[in-house]
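Working notes, beginning with the structure itself.
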Amino acid sequence: MQSRCVARSSAGLSAVRSCLLLLFIHMSAPVEARKVRGGRAQTRRVQQQQQQAPAYRDRVEGPESFPLDFTAVEGNMNNFMVQIKNLAQSLYPCSAQKLDQDMKLHFLKNVSVTCNDGSPAGYYIKESKGSKRWLLFLEGGWYCFNRQTCDSRYETMRRLMSSAKWPQTRTGTGILSPQPEENPHWWNANMVFIPYCSSDVWSGASPKTDHSDYAFMGSLIIKEVVNELLTKGLDNAKVLLLAGSSAGGTGALLNVDQVAEQLASQGYTGVQVRGLADSGWFLDNKQYKFTDCLDTISCAPTEAIKRGIRYWAGQVPESCRQAHVGEEWNCFFGYKVYPTLKSPVFVVQWLFDEAQLTVDNIHLTGQPVHEGQWRYIQNLGQELRGTLRDVPALFAPACLSHELITRTYWMDIQVKGTSLPRALHCWDRSLQDNLHINSSHGNHSHQKHKTPPMRGCPLHLIDSCPWPHCNPSCPTIRDQLTGQEMSVIQFLKHMGFDVQKMAQQQGMDPRKLLGMLNNGS
C-alpha cells in the first residue's frame, strides 16, 4: 500500500509540474483569457461556479485517475484553477493529512521589540516551500498621537495595541489568499501577515520605559520580522513585496526602502524589494469643517501626524527626511514621500476614500449631503487625481470605499476594463523585463532602458469620471442606517446629485445621463 501511494504521489507531482508549467505559460501570454466582469457581476460568477461544481466533483471522485480538462484554460480560467488546486489536494489520499491553508502565529524571538502595552509583537506565516516570492502584509487601523487618544484606543481597540488575545491562526483573503481562483498571481507565495499593534503608522522606534506609557516600535517590528524570515527561506528569495492597507499602506511607503537597505547591508542583494500601498495615499488637505484636535477621527491629518511623530519618535526614509528637514511629518503623505523612494511601488487608491473623507469631516450618515459637501467630495477626487498623475504603477477607481487588496471581491473591481490582479501581474512582468534589460546593460540605473508598457497590459489605471461610484464595478453601496443595498442612482440622489446640472457639465442630454446611471454605465 505504501509503495502504491509513493508511486501515485510521484506521478501526481509530475502532473502538477506539467499543469503549473502550462499555467505559467498561459498567464505570461499578452492577452488575458479570463475576463473579470466587475463588482456587480460577482454574484453571477459565484452562481456559475456553483452550477459547475457538482459535475466537476463527479469526475474527480475515482481513486485511480484525475482527469484534467485543458480546454478550460481558454474558456474558463476559474475552472482551470479549481482543477489545479484539487489535483494538488488529491496527492494526499494515503493519509488523513489535510493541506493547511491558514497562517500560523509566531511571536518575535527578540522580546525587546513589543506592542504598545509591552506584550510581544509577532507575525503570521504560511510558508510555500519551493516558492522564492514573499509577500509581507502590514495591517492597518488608524493611530493614536498622545496619552489621551492612546488610552481611549486601549479601552476600545485593544487588539491594535496588545497581542494578548491574538488568535493562533489567520485565514488569508484577497492577495493573501492561498486559493488560485481568488488570488491568481500570488496564491503560491510565502504569505506573512504582520498585525498592527504599535499605533504609530509603522514608524516608531521607542520602547516602553518607566517614563513612557506605551511603546511605539512599528518600524522595529518590521525589521525584526524580516530578520527572522531570513532563517525561514527569505535568504533565497527573488522577490519581497511589502504590502499594506490604510495605515499599513502608509507604512509600506515609509518602510520599503528600509527593508531593501536592511537586506542589502546583510549581503542579500539578490532579493528584489517592492512596495504595494493600498488606501494609504492620504492628503494633507484643508478639512471641510475645521475642528479642534481632540480625537483621532476629527483631528486634521496634518496636525495629528505632527503630534504623533513627536510622541512616537517616528522614523521616516532618509531621503525624505533630507527633503523635509525639520518637517518630517510631510513624509507620511504619499504624494510627498513617493518621489523620494528608490524601490518600485504600486499604488492602489480609491479616488473617494472613506477614511480621507472622515478626517476631512465629511460624515456620510443617513441624511442627504448638501451642495457644499457634494462639491467638496468632487474636488477631493480631482485633488487626488492630480497627486497620482506621475505614478506609473497605479490602480485608482472612482469609488467611495476604503481598502481593497485583502477584500474577497478584489478581483471584481476594474479600471478601464482591467482588474487589479491583472494590473499587478503586468507590473510584475514589467519589472522583470526592466531587470533583464538593466542587467544586459551592465546593471545601470533603473531610470534607464525602461521598456514601454506591453500591449493589453496597462499599469497606470485611473478613472476619469468625476463623481463617486461612476465606475460600474465599484463595491456594493449600503445605506449606513438601514444596511439596505442602494442602486447607483439612489446613492447619487442621496449624495445630493443633480442630474440636470451634471448633464450640463458633461455636455449631454439629462435623459441620456439618467439612462447611463440606471444601466450602471
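The values are calculated or read from the model by the stated rules, or taken from the named source; none is laboratory data. In this text, all values refer to a predicted model and were calculated from it rather than measured experimentally. No Cβ is skipped: glycine too gets one built from the backbone with ideal geometry, and neighbour counts run over all protein chains shown. With ligands, DNA and RNA removed, areas are computed over all heavy atoms of the protein, side chains included. Shrake-Rupley method; radii C 1.70, N 1.55, O 1.52, S 1.80 Å.
Give the residues of the range 318-377 that are of a type in the set (Val, Ile, Thr), over 18 Å from the mean Cα position of the chain (by Cα) and outside any helix (DSSP H, G or I), sorted by residue number. Answer for the range 318-377, where residues must be of a type in the set (Val, Ile, Thr), over 18 Å from the mean Cα position of the chain (by Cα) and outside any helix (DSSP H, G or I): Val325, Ile362, Thr365, Val369.
One line per residue, one yes/no per condition, for (1) open to solvent by 20 Å² or more (accessible area, probe 1.4 Å); (2) at pLDDT 70 or above; (3) of a type in the set (A, V, I, L, M, F, W, C); (4) under 25 Å from the mean Cα position of the chain (by Cα):
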| site | (1), (2), (3), (4) |
| --- | --- |
| Ser419 | no, yes, no, yes |
| His460 | yes, yes, no, yes |
| Pro510 | yes, no, no, no |
| Leu513 | no, no, yes, no |
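Only one of the listed residues (Ala304, Ala243) is touching a Leu at 6+ places or on another chain (Cβ under 6 Å) and under 21 Å from His402 (Cβ atoms). That residue is Ala243. Identify the residue in the range 293-308 that is part of a helix (DSSP H, G or I) and surrounded by fewer than 22 Cβ atoms within 10 Å (Cβ to Cβ) and, among all such residues, is nearest to the chain's Cα centre (by Cα). Looking at the filtered set, the residue picked out is Pro301. Within the range 239-277, the set of residues being in contact with a strand residue (DSSP E or B) (Cβ under 9 Å, 6 or more places away or on another chain), closer than 21 Å to Ser128 by Cα and not hydrophobic (A, V, I, L, M, F, W, C) comprises Gly244, Gln272, Arg274, Gly275.
Residue pairs whose Cβ atoms lie under 7 Å apart, sitting 6 or more positions apart in sequence or on different chains, and linking a residue in the range 308-326 that is more than 26 Å from Gln148 (Cβ to Cβ) to a partner that is among the charged types (D, E, K, R), are Pro317/Asp257; Arg321/Glu328. Of all residues in the range 268-282, those that are open to solvent by less than 20 Å² (accessible area, probe 1.4 Å) have Cβ atoms under 7 Å from Cβ atoms of residues that are in a loop (DSSP other than H, G, I, E, B) and modelled with pLDDT under 95, 6 or more apart or on another chain, in Ser279/His402. Looking only at the range 194-216, residues that are in contact (Cβ under 8 Å) with a residue 12 or more places away in the chain and open to solvent by 10 Å² or more (accessible area, probe 1.4 Å) come to 6 in all. Against the numbered list (1) at pLDDT below 95; (2) closer than 22 Å to Gly280 by Cα, Arg153 comes up short only at (1). When the range 411-429 is filtered for residues that are in a loop (DSSP other than H, G, I, E, B) and of a type in the set (Val, Ile, Thr), only Ile413 remains. Taking the criterion of being of a type outside the set (Gly, Ala, Ser), in contact with a Leu (Cβ under 9 Å, 6 or more places away or on another chain) and open to solvent by 30 Å² or more (accessible area, probe 1.4 Å), would at least one residue in the range 325-337 satisfy it? Among the residues of the range 325-337, at least one is of a type outside the set (Gly, Ala, Ser), in contact with a Leu (Cβ under 9 Å, 6 or more places away or on another chain) and open to solvent by 30 Å² or more (accessible area, probe 1.4 Å), which makes the answer yes. Test Ile175 against the criterion of being β-branched (Val, Ile, Thr), buried (at least 19 other Cβ atoms within 10 Å of the Cβ), touching a helix residue (DSSP H, G or I) at 6+ places or on another chain (Cβ under 9 Å) and part of a helix (DSSP H, G or I), and give yes or no. So Ile175 fits the description; yes. Residues in the range 189-222 that are assigned to a strand (DSSP E or B) and within 19 Å of the chain's Cα centre (by Cα): Asn190, Met191, Val192, Phe193, Ile194.
How many residues does the range 223-244 contain that are assigned to a helix (DSSP H, G or I), of a type outside the set (Lys, Arg) and open to solvent by 10 Å² or more (accessible area, probe 1.4 Å)? Of the residues in the range 223-244, 5 are assigned to a helix (DSSP H, G or I), of a type outside the set (Lys, Arg) and open to solvent by 10 Å² or more (accessible area, probe 1.4 Å).
Residues of the range 321-359 being charged (D, E, K, R) and touching a helix residue (DSSP H, G or I) at 6+ places or on another chain (Cβ under 6 Å), which ones? Across the range 321-359, the qualifying residues are Arg321, Glu328, Lys336, Lys342. Here Phe352 fulfils each of the conditions (1) within 21 Å of Asp200 (Cα to Cα); (2) touching a Pro at 6+ places or on another chain (Cβ under 7 Å) apart from (1).
Condition check ((1) touching a strand residue (DSSP E or B) at 6+ places or on another chain (Cβ under 7 Å); (2) of a type in the set (Val, Ile, Thr); (3) buried (at least 17 other Cβ atoms within 10 Å of the Cβ); (4) over 18 Å from Glu182 (Cα atoms)) across all residues:
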{"position": "Lys104", "(1), (2), (3), (4)": "yes, no, no, yes"}
{"position": "Leu108", "(1), (2), (3), (4)": "yes, no, yes, yes"}
{"position": "Tyr124", "(1), (2), (3), (4)": "yes, no, yes, yes"}
{"position": "Gly130", "(1), (2), (3), (4)": "no, no, no, yes"}
{"position": "Gly140", "(1), (2), (3), (4)": "yes, no, yes, yes"}
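Only residues that are open to solvent by 10 Å² or more (accessible area, probe 1.4 Å) and modelled with pLDDT under 95 were counted in the range 342-354, giving 1.
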